[in-house]
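The structure appears right after this line, and notes come after that.
A short reminder: the numbers here are calculations on the coordinates, not readings from a lab. As the structure is a prediction and not an experimental result, all values here were calculated from the model. Because the Cβ atoms are built from the backbone with ideal geometry, glycine has one as well, and the counts that use them run over all protein chains shown.
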Amino acid sequence: MPDPSDTRVSLADAVLDRGVGPAVDWAVGALVAALVILVGSGVLARYVFNYSLAWSDELAGLGSSG
């Protein structure tokens, strides 16, 4: 069992923390922003212009069911 007081960082941990971590953060942020834009465009079209955007509803449904 590893010693919990051992603070050495392995090379794999450093690569994941410095390289993969920020890339995943940016990707998730972009997906959330796209979902907000899709849902917002659907709400705007439906309640302001009284017109339903089928593609917006479908893409928002696909994006939120994860």
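Couple of notes before you dig in:
- Simple spin-label estimate for LEU35 and ASP57 gives 2.0 nm between the two label positions (7 Å along the Cα-to-Cβ direction from each Cα).
- Sequentially through region 37-48, phi angles give Karplus couplings (6.51, -1.76, 1.60; θ = phi - 60°) of 5, 4, 5, x, 5, x, 5, 4, 5, 6, 9, 9 Hz, Gly and Pro residues having no value and appearing as x.
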